[in-house]
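Please treat every number below as a calculation from the coordinates, not as lab data. These numbers were taken from a predicted model, which means no experiment stands behind them. Cβ atoms come from the backbone with ideal geometry, glycine included; neighbour counts cover every protein chain shown.
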Amino acid sequence: MLPNRFRTPTLAALLLGVASPALAQDICGGFGDNGIWIGGDEASSDIATADTYQEQMALVLGGNEYVSLFTLSGPTDVRVEAAGRGAGDPIIDLLDASGGIILSDDDSGGNAASRAETSLDAGTYCMSMRSYDGGPMTAFVRIGRQEQEALTEGVDTSGGGGALGSCDEAVPFGALGSSMSASAMQTPYWRFELDAPTALTIVAENETADPVITLYGPGEAYIDENDDYDGLNSRLDVVEPLAPGTYCLGIDALSDEDAPITVSISAYDAEEALQTLYGRGEVAPPLDGTVPITDLGVLDSRLRQDIQANTDTQWFTVEILDPSLLVTEAIGGGSSDPWLVVYDDFGREVGMNDDYGDGLDSLVMARLQPGVYIVGVRQYEGQGLIRLLLERYVRAQ
């Protein structure tokens with residue numbers, strides 16, 4: 001619950017005449033050109049010298065993002081946070097002046113709020129906030145120095161996860177390529193050594209626990225973190241080789257701290273990572289036969305395909321000969337929860353959907369030019385029957 005002092009100002013009072021939009025000047029690589037200065041204007045948004053934290057009330061509509069801008073006149077330890085009102089569940093990204101993502105967070109503030117702490121050099125930065133489910137949301141965003149009052153409670157660290165203690169106190173991990181299992185309460189940190197420059201893949205699995213992983217380098221310097229990569233499981237792909245040294249992996253459990261979490265640390269395999277993206281439907285597979293694809297042929301009017309589906313995406317192609325409106329539906333049988341994506345033959349996403357309407361079925365509808373299109377279908381979790389329906393509509397003559 002937010003303190004009462006957060007509930008009295010109206011949205012209009014906080015956003016109109018107080019916070020000024022930035023003039024388009026390629027802030028954060030252009031991402032922040034329509035953002036709002038956290039202090040009301042640029043001069044008042046220097047967190048390094050501000051007497052107190054800076055805060056805004058933000059309204060997010062229809063899958064859009066709210067972007068707060070701030071500057072630092074010198075190196076500063078900062079905290080960025082977002083707390084939704086009611087059932088709001090914000091996700092935040094922190095971007096540098098070029099638009100590169102420094103960090104992302106979903107639930108580290110506790111109670112679905114977002115929170116992250118890091119050290120930044122002098123410069124201009126953007127914090128973007130969006131709704132986890134893409135729906136409308138009102139939230140408070142706060143940016144301040146780490147010694148200033150926090151907006152959120154933070155994840156409970158009284159026994160597992162949370163802020164890093166010391167690598168000397170972490171439990172040694174096995175050799176690269178191995179897996180270890182322990183609850184976040186038992187083992188909040190794992191320690192491992194790199195003897196040579198190495199790119200890594202780190203996975204933490206057990207949806208009952210809902211794990212969050214945070215990687216720290218030598219000197220306990222923050223590197224990266226992840227919450228929900230695959231369902232509620234977490235994964236980090238560190239594609240740039242890390243220098244030799246001692247590394248720590250922090251483990252949080254957002255749901256059940258006593259549930260065992262299986263952690264795997266291995267050398268990054270680019271081909272395996274690509275196959276994982278294909279399996280999740282996040283990237284269109286090539287049409288060269290290296291990934292199994294079922295050709296459904298030319299779509300004249302209507303086509304139906306029944307699929308015994310699991311969480312690995314099954315791929316199909318369909319050809320359209322004339323400009324058309326393509327309606328693609330994935331309809332679950334029983335308790336199935338289908339997920340659907342459509343790409344063109346260049347791999348550009350046409351549309352993606354999980355749940356539409358009041359049910360769990362998925363639908364993508366788009367006007368398309370003649371060509372071959374790639375359709376991916378999978379179960380959100382578990383397995384079950386999915387009925388794939390493709391219908392083509394043309395303009396009346």
Ellipticity estimate at 222 nm from DSSP helix runs (n ≥ 4, -39,500 (n - 2.57)) divided over the chain, nearest 500: -1000 deg cm²/dmol
Order of Ser255, Ser104 under a 10 Å beta carbon neighbour criterion, fewest first: Ser255, Ser104
Mean projected area (nm²) of the alpha-carbon convex hull when the stretch 77-119 is viewed from all directions: 3.0 nm²
Gyration tensor over alpha-carbon atoms, the stretch 281-393, equivalent ellipsoid semi-axes in Å: 21, 16, 12
The stretch 314-364 versus the stretch 259-303: alpha-carbon centroid distance in Å: 16 Å
Most mobile of Leu325, Leu194, Leu59 in a GNM of the chain (Cα contacts under 10 Å): Leu325
From the C-alpha gyration tensor of the stretch 250-301, square roots of 5λ in Å: 37, 17, 8
Check: the stretch 212-317 dipole with +1 on Lys, Arg Cβ and -1 on Asp, Glu Cβ, in debye: 400 debye
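Per residue, how big is the convex hull around the C-alpha atoms of the chain? Give it to me in cubic angstrom, could you?
178 Å³
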Mean separation of Cα contacts under 8 Å (6+ apart) over length of the chain, as relative contact order %: 11 percent
Residue exposure sequence - Glu55, Glu225, Glu147, Glu349 - by fewest surrounding Cβ within 10 Å: Glu147, Glu349, Glu55, Glu225
Of all DSSP beta bridges in the chain, antiparallel share, percent nearest 5: 95 percent
The stretch 167-268: translational diffusion in µm²/s, Stokes-Einstein, Kirkwood Rh over Cα pairs, 37 °C, 0.692 mPa s: 248 µm²/s
